[in-house]
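The values are calculated or read from the model by the stated rules, or taken from the named source; none is laboratory data. Since the structure is predicted, the reported quantities are computational estimates derived from the model, not experimental observations. Every residue, glycine as well, gets a Cβ built from its backbone with ideal geometry; the counts of neighbours run over all protein chains shown. Accessible surface is based on the protein model in full, side chains and every heavy atom, while ligands, DNA and RNA are left aside. Shrake-Rupley method; radii C 1.70, N 1.55, O 1.52, S 1.80 Å.
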Amino acid sequence: MSGPKTSRDPALKAQRAARDRLLRLERQAKARGEAAAVAAGVAETVALSRARGQAVAGPAPGARAQPYRRQSGLDWLAAKGRIDPSAKAAGELYGRVYRRVKLEKAIPSTLDPRVRGEFVPPSIQDVLAHGEETELARRRLADFRRRLWRQPDLVSACDLVCGEERTPREAAGGDRDAGRLEAVLKVALDILAAGGEAR
């Protein structure tokens, strides 16, 4: 009597096992291919960033799944031993003040894509506190620039490397002028650090 094959048929079990094995191998091959494509894309992005002069810290050799991290110009200079901790601290303080003056807005826009739900206006105390902090940052930035004798090269070097967090090569646009910018920045940071404001 030849009826339909049951689940106890050894040939059918072998076929299912072979099919499952092939599907698993196909999924693994696809995952390896996607991982290789992602790794190639990350490597290309990192290479392009480095070609533009950005400092990118990669994972330690042999480490698994560690992210790449873009370094600021001050971090890069300190890691290379080109500036000392007091100069780095002075540059970081300049950078915080610069970014406070240049980038923060007093009241967020209602068109901001991060705004969700009903718009709630900030309290008057928040607006006044924000304005006072921004005004204090403006005064401190003006003081830092006064200490740099308002020399355009010194101020520009601090704005680009400390404030905008670019590397000297990235800010200068190439290797040739990067050395000059780095030398000017070192002078500016020494002046700022000597002022005692790096705290």
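Amide H to amide H distances under 5 Å link Gln71 with Ala55, Val56, Ala57, where only residues 5 or more positions off or on other chains count and H is placed in the peptide plane.
Measuring with a 1.4 Å probe in the full set of protein chains, what accessible area per residue, in whole Å², belongs to the chain?
69
Shown is the FRET efficiency for Gln15 and Ala60, computed with R0 = 41 Å from the Cβ-Cβ distance and rounded to the nearest 0.05: 0.30. Taking the chain as the region of interest, the number of lysine pairs whose Cα atoms are within less than 30 Å, with members eight or more places apart or on different chains, is 9. The gain in end-to-end length when the Asp177 to Lys102 segment is fully stretched comes to 24.5 nm, 0.36 nm per residue minus the alpha carbon separation.
Of Val46, Leu136, Tyr94, which is farthest along the charge dipole of the chain in the positive direction, counting Lys and Arg as +1 and Asp and Glu as -1 at C-beta? The residue sitting farthest along the positive end of the dipole is Val46. Spin-label model, Val38/Phe119: points 7 Å from Cα along the beta carbon direction are separated by 3.9 nm. Give, as ranges by residue number, the residues of the range 167-192 whose backbone N falls under 19 Å from the point 7 Å along Cα→Cβ of Lys80. Backbone N within reach: 167-190. Coordinate range of the alpha-carbon atoms in the chain per principal axis, descending: 104, 50, 27 Å.
Among Ser123, Val56, Ala157, pick out the residue whose Cα is farthest towards the positive end of the charge dipole of the chain, where Lys and Arg carry +1 and Asp and Glu carry -1 on C-beta, about the Cα centre. With unit charges placed on the Cβ atoms, the residue in question is Val56.
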